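The structure appears right after this line, and notes come after that.
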Amino acid sequence: MASPSPGKKRMDTDVMKLIESKHEVNLIGDSLNCFQVKFCGPSDSAYKGGVWRIRVELPEKYPFKSPSIGFLNKIFHPNIDLGSGSVCLDVINQTWTPLYDLSNIFDTFLPQLLMYPNPHDPLNGDAAGLYLHQPEEYKKRVRDYVSRYAMEVSGGGDGNGAGDDDDDESSISECSFDGDDDMEMEM
Amino acid sequence: MTAPSDFVLTDFGKFERPATYHACFRALAKFQATANDLPKPHDEADATKFMNLVNEINGSELQGAEKEAAKKFSFTARAKLQPVASAIGAIAAQEAVKAVSGKFSPIKQWWYVCLQECLPVNPITDAKIADNRYASQIAAFGQGFQDKMLKQKWFLVGSGAIGCELLKNFAMMGLGNLIITDMDTIERSNLNRQFLFRSWDVGKHKASAAAEVVMRMNPDMKVEAQNNRVGEDSQDVYNDEFMESLDGVANALDNVDARLYMDRRCVYYSKPLLESGTLGTMGNTQIVIPNVTESYGSSRDPPEKSIPICTLKNFPNAIEHCLQWARDNFEGLFTGQAGSAKQYLSDPADFAAKTEKLPGNEPLTTAQGVVDFLVDQKPNDFNDCIEWARERFEENYSTTILQLLHNFPPDQKTSTGAPFWSGPKRCPKALKFDPADETHRDYVVAAAYLRAENYSITPTKMSNEELAKFAAEVKVAEFKPKSVKIATTDAEAKAEAEAGGGFDSDHLSQMFAKLPSDISKVAEMNSKIVPADFEKDDDSNRHIDFIVACSNLRAANYGIEPADRSKSKRIAGRIIPAIATTTALVAGLISAELYKIVNGIDDIEKYRNTFMNLAIPAFSFSEPMAPPKNTYLGDNHWTLWDRFDIDGRKQDGSEMTIGELLDHFKNDRKLEVQMLSSGVTLLYSFFLNPPKKKQDRLAMTVSEAVKTVGKRQIADHERYLVLDVCCNDLTEAEEDQDVPYVRYRFR
């Protein structure tokens, strides 16, 4: 036994805050450092109407180390790995500071990432290429993926990463559309 | 001597001290000349005589703090203290090396360090001129102090550079009982500074060798040597009983994680911690005193700059990027796949089950990797290995580069019209395999041999030139750019979706079906698979050979200056320079802090943390920080040293339930618990769903919940659990309260 690390308190309060916020959160198997959050595509983007389950993992050194973010159902985006759904860690790290908390990720970081991809540091080279060379085709492809993989249907849009379908539900509220948010464009 | 120019100022709280000491040393010489002896320890009469001499030399009478300092100087004039010797020796040695080598800047001119805070608050009445080995220490601190030292029990974590220095210091100081642990064995490169070891000790366990030497230095000491790594796995050895019996802990570690761990243990058991570290000529010491200072973990260094993935993957611009890429390449080619394959062969059913549970797309990629390694790409002889090496060359230094250039041509513009390939993005060019090129040759040679080793294939006897020629003759596929096709028909879209790797169990099972399952065959294969274990110091294993060639070829792709073997090894092997002088200095300075602990000093103003860089040279001594103060419910103050101590054992011998724990907080502490956790396991929260689950939880005992929900074993020696609570007050506003952690006794 040892006294808790300085980051533990932050982990506790940040998770509490996220759950008490309007976001729909599912803790995976009673663990505080790994959970799923429902995320809706920003309404002023090709990702509008898409619904994704985001997996968040808080590392041991949180909040000094940024959380890792993964999309559990497929999304076509230059900075998101198509196969694993992982968001490019560099893009997160470029903006993450220990002063941020988890709601920043869902209220600001992810919507901005989707609306303004960074094709010059791509994880999905094909998506980056399309975004640069053929923007209309890029949007078409994005919408195609949304309709195939990111529609909120009971049973999910695909079998990708079924995750732990626990009896554990800590959901508090429904996902609201981002038009209602007052987003701060600070980054 | 009589007209000193500069004094190095080390402690900005004592501007005048160096000048005072300078006068004191001159006075001491005079005193010795007339009295034919040094001032008697802690003797008022001699001190008065001494002070007169000082005032004469100084030109005026010393006042205030300087007067006190001069008096203490006289009181302790006969003292020769090991920590001081260690520090001065280190400084002097470094200056000598500077003089001889011309490297680094010398100290200008006089360097004094004041350690008078080590003296206890109350005057010392039992100082005497003893005639044992501790005489020079007793002259400073008295006999009673020395007796206390012999009864001290300390835990020294690590027996490397700092460990050896600390051990030697503790032996000379007469620290009676030590337990020392280190998992490492002695290596040749240790001998330049881990001076308790000699060439005949190479291969022995560090802790045991060090303990033996030190007990010969001072037979009064009891030093117990162990080989354990400190961490959660050794908490049964370094358990409550062990930790509680200590007077303190000294860290002599080489990584931050272990330091943070020991720091948390010391906070938990309320023990002082001597912490120090070095990096080349830079060093620092930090003293941690329960309820007085903050802890080591209270402050954090800014995170080390890690190389962004995209830079590593596509846009290197420095040789460090190429070296890291080469290192990752090595892992991927010679360790990862072979390791997974071996895992499969050791227990096929278990591996299949574990792989299915991996997140995202990992099940497929892992399975594919094993299939590739054991079936699709398995080499049968050394020629196959050479062919494989040539293919890897083509893939890494030609195909991938050409594909990148296809997506981003050399004249590519960004959305603002500026050139894409500019600044940190260097435009690459593909390499064409040439057996006459030394680096090309080195690559295929190293790669072929390492591949053969993975499969226990005996290499054919051939010269490197012959091998390279053979490689040159291998037919490689012509480059065809992967174009980004947009599916225009449903059929195409479907085919693409399938190809996109939509993961499903069937696909995975198909893959596993390809793998060998015959028990005898599996065992035979398993014995032949040998994953590589990266070892930088064995020149015959070709590991560094591969890294150098792999990295320099990538450098050639991107027009980056290559690095020679020595530089490559240093960067890829993450070798950190270490010298004996810095080590001795930090060990000396932190050992001095131990005097303060044994003398019962609890005034934060008397303790010192230090920072130094022998090269500049720069030294700074400062007071430690006090721990931040927190408050809950208006007037309950606490720091990181405090906690809620709760006894969960009830009168009838049973244990508290979670519900009862919550009641305790509400009734006895006026706090409403919103969330109760043990590590990252959530034991209870107000948002727990469905209601039955919540009820069940409230009815569980705390330890039961930790065991079942947390899926953790509770060891026999454990009596306490560490819990975290998030609480509100009981008012209508339900204000969040900042509360300490909980140490909960369950049996």
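Before moving on, here are some points about what is shown:
- Across all Cα pairs in the stretch B:509-569, the calculated P(r) in 10 Å bins from zero up to the longest distance comes to 18, 28, 19, 22, 13, 0 percent per bin.
- With protein chains left intact and a 1.4 Å probe, residues in the stretch B:131-268 average 41 Å² of accessible area per residue.
- Cα-projected label distance for B:VAL530 with B:LEU9, points at 7 Å along beta-carbon direction, nm: 6.3 nm
- As a calculated quantity, the FRET efficiency between B:ALA626 and A:LYS9 at R0 = 30 Å, using C-beta atoms, amounts to about 0.95.
- For the residue pairs B:LYS650/B:LYS670; B:LYS204/B:LYS606; A:LYS8/B:LYS569; A:LYS38/A:LYS65; B:LYS271/B:LYS694, the alpha carbons lie more than 31 Å apart in B:LYS204/B:LYS606; A:LYS8/B:LYS569; B:LYS271/B:LYS694.
- Long pairs among B:LYS98/B:LYS596; B:LYS72/B:LYS98; B:LYS629/B:LYS666; B:LYS432/B:LYS469; B:LYS305/B:LYS567, criterion Cα-Cα beyond 25 Å: B:LYS98/B:LYS596; B:LYS72/B:LYS98
- Take each residue in A:4-13, count the other chain C-beta atoms within 10 Å of its C-beta, and the mean is 6.
- Take the Cβ atoms of B:ALA135 and B:ASP537, set R0 to 51 Å, and the FRET efficiency comes out at 0.65.
- Cα gyration tensor category, rounded, prolate or oblate, for the stretch A:6-149 with a/c compared to 1.5: prolate
- Only Cα sites of the stretch B:127-171 enter the Debye sum here, all with the same form factor; the resulting log10 I(q)/I(0) across q = 0.29 1/Å is -0.98, listed in q order.
- Beyond 36 Å, the tail of the calculated P(r) for chain B holds 62 percent of the Cα pairs.
- Student exercise, the protein assembly as shown dipole from Lys, Arg, Asp, Glu Cβ charges, in Debye to nearest 20: 3080 debye
- Counting charges near B:THR414 (Lys, Arg +1; Asp, Glu -1) among other residues having Cβ under 15 Å from its Cβ returns a value of 0.
- Net charge dipole, the stretch A:6-149: roughly 240 debye, given to the nearest 20, about the Cα centre with Cβ charges of +1 for Lys and Arg and -1 for Asp and Glu.
- One quarter of the surface of the convex hull around the alpha-carbon atoms of the protein assembly as shown equals 48.1 nm², the direction-averaged projected area.
- Neighbourhood charge, 15 Å Cβ-Cβ cut-off, centred on B:MET700 and excluding it, Lys, Arg +1 and Asp, Glu -1: +2
- Length-normalised contact order of the stretch B:630-745 in % [C-alpha pairs under 8 Å, at least 6 apart]: 36 percent
- Whole-Å semi-axes of the stretch B:574-633's equivalent ellipsoid (Cα gyration tensor): 29, 17, 12
- For the protein assembly as shown, the antiparallel share of DSSP beta bridges with both residues in that region comes to about 70%.
- Neighbouring partner chain Cβ atoms per residue of A:81-87, average, 10 Å criterion: 4
- Peptide B:686-697 shows a mean partner chain C-beta count of 3 within 10 Å per residue C-beta.
- 16 Å tail of the calculated P(r), the stretch B:630-745, as % of Cα pairs: 61 percent
- Listed by chain and number, the lysines whose alpha-carbon sits under 27 Å from that of B:LYS528, ignoring those within fewer than 8 places in the same chain, are B:LYS342, B:LYS354, B:LYS378, B:LYS461, B:LYS514, B:LYS536.
- Counted over chain B, the DSSP beta bridges are approximately 60% antiparallel.
- In summary, the stretch B:629-671 shows an alpha-carbon radius of gyration equal to 1.39 times the 2.2 N^0.38 Å reference for compact globular proteins.
- Relative contact order, whole percent, for chain B stands at 15, derived from Cα pairs under 8 Å and 6 or more residues apart.
- Angle between chain B longest axis and helix B:17-35 axis [Cα atoms, degrees, rounded to 10]: 50 degrees
- Across the stretch A:1-103, C-alpha contacts under 8 Å between residues 6 or more apart give a mean separation that, scaled by the residue count, equals a relative contact order of 20 percent.
- Carbon + sulfur, % of accessible area of the stretch B:630-745 - ligands and nucleic acids excluded, 1.4 Å: 45 percent
The values are calculated or read from the model by the stated rules, or taken from the named source; none is laboratory data. Keep in mind that this is a model prediction, so the values were computed, not measured. Note: ideal-geometry Cβ built from the backbone for every residue, glycine included; neighbour counts use all protein chains shown. We work out accessible area using only protein heavy atoms, side chains counted, and drop any ligands, DNA or RNA first. Shrake-Rupley method; radii C 1.70, N 1.55, O 1.52, S 1.80 Å.
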